[in-house]
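Once you've had a glance at the structure underneath, I'll fire off some questions.
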Amino acid sequence: MLSKPDRNAFLLLSGPDTRLITQDVRVQSQGSASVRVENGAKLVAIQGMRVGGRDVSFAVDRGSVETGPVFLVDTQQIFSISDPVATVGQTSLTRPAAWTVTTAPGRPGYTPDFVYRGHFEDGPSGPGSVAFAGSGFRAVFSGQLNYTGRTIVDGSGVALEIRGPIASREFIALNGGTLDLTAPLSGTLWDVSSRSFRTDATGVIRYDGLQLIGGTLRGIGHEVAHQAVSFDGTSLAANSRFTAHRGVAWSNASLSGMLDARAGLTLDNVMITSGGSLVLGSGATFADVENNGVLDLRTGAGLELSSPMVSGGGSQVLVSQGAALEGAALTMRGALLVNNGTVSAPLTLDFGSLAMGGGTFGSVTVNRGGTFAPGNSPGTASTLGPVVFNAGGEYEVEVADALGAPGTGFDLWDIAGTLDINAGTTFNSQFVVSLISMDAAFAAGPAANFDKHRSFAWTVLRADAIDGFDPKELRLDTSAFENDTDGKFSLQLEHAGGRSELQIVYQPVPEPATTGLMLGGLVTLLAWRRRRA
C-alpha cells in the first residue's frame, strides 16, 4: 500500500525489473502521489488495485502493470499509458499491453462480475493498450477511454462489454475471449476509419446494433447475433470470417474473407475479391456488386440483382436446389456457374466461362469461349426463355448410356423458348457441340451400351423453335468420345410434338456382307438394263 495522507508520495519502477505484490495495492493521498512504471519495468498486483485521492498521478511509460480482478479507481483519476517496446517477432496479438486486468472466475449471482471505470490517455512515448485476461469472467469497461492502443480480451469465457465512446485503434479477442461492442454508439454512426477488429481462431467480437464507418475486420470470430448491423467502407480482410445471424447492410467495401449471411443481406458497391467468399442462407439484394471470389447460395437463399453483376476470372457462383438468383443480368467472364436451383436473371457466358447443373435458367447467351453443360453428369437443364448460340461458343453434351433416355442416359437442354443460332461457317466462327463419353462412375471413359455397328440418335436439345439452323455453322467435336467407332457422327434438326429437336446421330459403316449385297444388286440391275436395250 502506498498511502500518504499528509505529504507527497512517489514510487518509481524503471528498467527490466518486475515488482510482485501479493496483497491488495492501494494508492491514496490527501496531498499528491505519483506512481511511474517505465522502460520495461513491470508491476504485478495479484489481488488488485485501488487508486484514489485528490491528486494522484499514475503513468506507465513503456512498462506494464498487471492487476488482479479488483481494480477500483476514482472517476477523476487519469492513467497515462504507453505500451512496452515490441521485441522481434511480436505482433499485435502477442505484444504485451501497458495495462492488464487479470480476471478470475466470476462471482455467482453477479452479472457482470465487475464494472471497470477509468480515464485512460496515451502516454508521452506512444499509444497505450488495455487488456483483460483470465477465464470465466464478465466485465463492463467504461469511462473516458481516450487511449489509442489496443483493447484486448484474452481467455476462455472472458467477456468484455464496452460502454461508451472509445478511441482504441485495434480491438482484439483471443483464446476464447469475447469482446462485445454493441453498446459504444449503438444506433448511431461510429467512425472507425483506420481501426482494426481482430480475432484468433477462438476469439469473438460482436457488433449487434452498430453502424460502422470504415475499419478492417481480421480473423474468423466476427459475428452479429441479436440486432442488425451496417458497415460502410469496412473491409473484410483475407482469411477472415463474419457470421451474421441477423440482417447486415454492407457498402463501399471489399470482401476478401468469408461472409456467412444467415439472415437478410444488402450489398451496395461491394467487390468480392478473388480470396473472398459469400454464403447466403436467406434473402439478399445486390447493387453494383462484382464477384471475383465464391458466391454460394444455399437452400432457401434468394438473391435479387438490382443492377447487372459480373462474375470475373476464376470466380464461382453456386446455386443450390431451392435457391434462386433473379433480377438484372448476370455475366460470367472466365467464371463457373453451377445451378441446381433457379437462375432467372438473364445469363451471358463470355470467354472461359462454364455454366452447368440441373437447375432452371432464364435466358442464356453463349458467346465465344463460353460453355453450357446441362445436368450433373448427365442430366437435364431447363431454360424458361430464349437461348442464343453465338460464334465460338460451345454446348457440351455428356453420354453415359447410349441406350438411355434424354436427361438420364445423356444430357438434355430443354428450352421453353427459341434457340437462335447466330454463328459463322468458318472454323473459328462455328458454334461447337462437344460430345463426351462417360463410364459407369461418371468419369471420362467409354459409355455403356454403345455398339459401333448400330445406329444411334440422341436428342440433346429441345426448344419451342430453332432459328438459323445451318449444319455449316455447327461443328460437332467428338474428340472426347472414347468408345470405339468406325462410323460417322452428325448433327440433325428434327421436329416432334410441335417442338424442334437437335440430335446427335451416329451412322455405322455398312458391314461387308451388306456391301456385297448392294453391289450384287447393282450388277443385276445393270445387266437387266442391257438386255432391255
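Among the residues that make up the range 386-408, is at least one of them surrounded by 17 or more Cβ atoms within 10 Å (Cβ to Cβ) and within 19 Å of residue 325 (Cβ to Cβ)?
Yes, the range 386-408 contains a residue that is surrounded by 17 or more Cβ atoms within 10 Å (Cβ to Cβ) and within 19 Å of residue 325 (Cβ to Cβ).
Among the strands (runs of 3 or more DSSP E) confined wholly to the range 83-170, which include 2 or more residues that are out of contact with any helix residue (DSSP H, G or I) (no Cβ under 9 Å at 6 or more places or on another chain) and farther than 29 Å from residue 39 by Cα?
So the answer is 114-122, 137-145, 158-162.
For residue 263, are the conditions met, namely being in a loop (DSSP other than H, G, I, E, B), under 12 Å from the mean Cα position of the chain (by Cα) and surrounded by fewer than 23 Cβ atoms within 10 Å (Cβ to Cβ)?
Answer is no for this residue.
Scan the range 27-78 for residues that are at pLDDT 75 or above, in a strand (DSSP E or B) and β-branched (Val, Ile, Thr) and jot them down.
35, 37, 44, 51, 60, 65, 67, 70, 78
If you check 418, 425, which single one turns out to be at pLDDT 95 or above, in contact with a Lys or Arg (Cβ under 8 Å, 6 or more places away or on another chain) and of a type in the set (S, T, N, Q)?
425
Still on this model: So, of the residues in the range 223-260 that are among the hydroxyl-bearing types (Ser, Thr, Tyr) and part of a loop (DSSP other than H, G, I, E, B), which turns out to be nearest to residue 302 (Cα to Cα)?
Here the answer is 256.
Another one. In the range 90-110, which residue that is farther than 15 Å from residue 151 by Cβ and modelled with pLDDT of 90 or more is surrounded by the fewest Cβ atoms within 10 Å (Cβ to Cβ)?
Among residues in the range 90-110 that are farther than 15 Å from residue 151 by Cβ and modelled with pLDDT of 90 or more, the one surrounded by the fewest Cβ atoms within 10 Å (Cβ to Cβ) is 91.
Now for a different question. Without any contact (Cβ under 8 Å) to a residue 12 or more places away in the chain and out of contact with any Cys (no Cβ under 8 Å at 6 or more places or on another chain), is that true of residue 471?
Answer is no for this residue.
Now for a different question. Please verify whether residue 468 is at pLDDT 95 or above, assigned by TED's automatic domain parsing to the domain that holds residue 398 and at positive phi, treating the condition exactly as stated.
Answer is yes for this residue.
Also, quick follow-up: For the range 125-149, give me each residue that is under 22 Å from residue 200 (Cα atoms) and touching a residue at least 60 places away in the same chain (Cβ under 8 Å).
128, 134, 137, 149
Here's another thing I want to ask about it. Only one of these is touching a Gly at 6+ places or on another chain (Cβ under 8 Å) and more than 24 Å from residue 507 (Cα to Cα): 449, 422. Name it.
Among 449, 422, only 422 is touching a Gly at 6+ places or on another chain (Cβ under 8 Å) and more than 24 Å from residue 507 (Cα to Cα).
Could I ask something else about it? Considering the range 271-300 alone, what residues qualify as being assigned to a strand (DSSP E or B) and touching a Leu at 6+ places or on another chain (Cβ under 6 Å)?
Within the range 271-300, 272, 278, 280, 284, 286, 289, 295, 296, 297 meet the criteria.
May I ask you to verify whether residue 303 is under 18 Å from residue 267 (Cβ atoms), in a strand (DSSP E or B) and among the hydrophobic types (A, V, I, L, M, F, W, C)?
Yes: the conditions hold for residue 303.
Only one of these is over 16 Å from the mean Cα position of the chain (by Cα) and among the β-branched types (Val, Ile, Thr): 317, 270, 229. Name it.
229
Moving to a separate point now. Pick out, from the range 328-386, the strands (runs of 3 or more DSSP E) lying fully within it that include 1 or more residues that are farther than 16 Å from residue 396 by Cα.
In the range 328-386, the matching strands (runs of 3 or more DSSP E) lie at 330-332, 347-349.
Still on this structure, I have one more. For the range 429-452, which residues satisfy the criterion of being modelled with pLDDT of 95 or more, more than 16 Å from residue 481 (Cβ to Cβ) and either in contact with a strand residue (DSSP E or B) (Cβ under 8 Å, 6 or more places away or on another chain) or loosely packed, with under 13 Cβ neighbours inside 10 Å (or both)?
The answer is 430, 431.
Yes or no, residue by residue, for (1) assigned to a strand (DSSP E or B); (2) surrounded by 13 or more Cβ atoms within 10 Å (Cβ to Cβ); (3) in contact (Cβ under 8 Å) with a residue 12 or more places away in the chain:
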{"residue": "476", "(1), (2), (3)": "yes, yes, yes"}
{"residue": "483", "(1), (2), (3)": "no, yes, yes"}
{"residue": "491", "(1), (2), (3)": "yes, yes, yes"}
{"residue": "495", "(1), (2), (3)": "yes, no, no"}
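Collect the residues in the range 452-470 that are more than 14 Å from residue 491 (Cβ to Cβ), of a type outside the set (Lys, Arg) and in a loop (DSSP other than H, G, I, E, B), keeping them in residue-number order.
Answer for the range 452-470, where residues must be more than 14 Å from residue 491 (Cβ to Cβ), of a type outside the set (Lys, Arg) and in a loop (DSSP other than H, G, I, E, B): 453, 455.
Evaluate the following for residue 220: is it surrounded by fewer than 22 Cβ atoms within 10 Å (Cβ to Cβ) and either within 17 Å of the chain's Cα centre (by Cα) or in a strand (DSSP E or B) (or both)?
Considered against the rule, which asks whether it is surrounded by fewer than 22 Cβ atoms within 10 Å (Cβ to Cβ) and either within 17 Å of the chain's Cα centre (by Cα) or in a strand (DSSP E or B) (or both), residue 220 comes out as yes.
Tell me whether the range 189-202 contains one or more residues that are part of a loop (DSSP other than H, G, I, E, B), among the hydroxyl-bearing types (Ser, Thr, Tyr) and modelled with pLDDT under 90.
No, every residue in the range 189-202 fails to be part of a loop (DSSP other than H, G, I, E, B), among the hydroxyl-bearing types (Ser, Thr, Tyr) and modelled with pLDDT under 90.
Cβ-Cβ distance below 7 Å, separation of 6 or more or different chains: which pairs start in the range 247-264 with a residue that is at positive phi and end on one that is surrounded by fewer than 24 Cβ atoms within 10 Å (Cβ to Cβ) and in a strand (DSSP E or B)?
These pairs meet every condition: 252/232; 252/269.
The values are calculated or read from the model by the stated rules, or taken from the named source; none is laboratory data. This one's a predicted model, so the numbers in the text were calculated from it and none came from an experiment. Cβ atoms come from the backbone with ideal geometry, glycine included; neighbour counts cover every protein chain shown.
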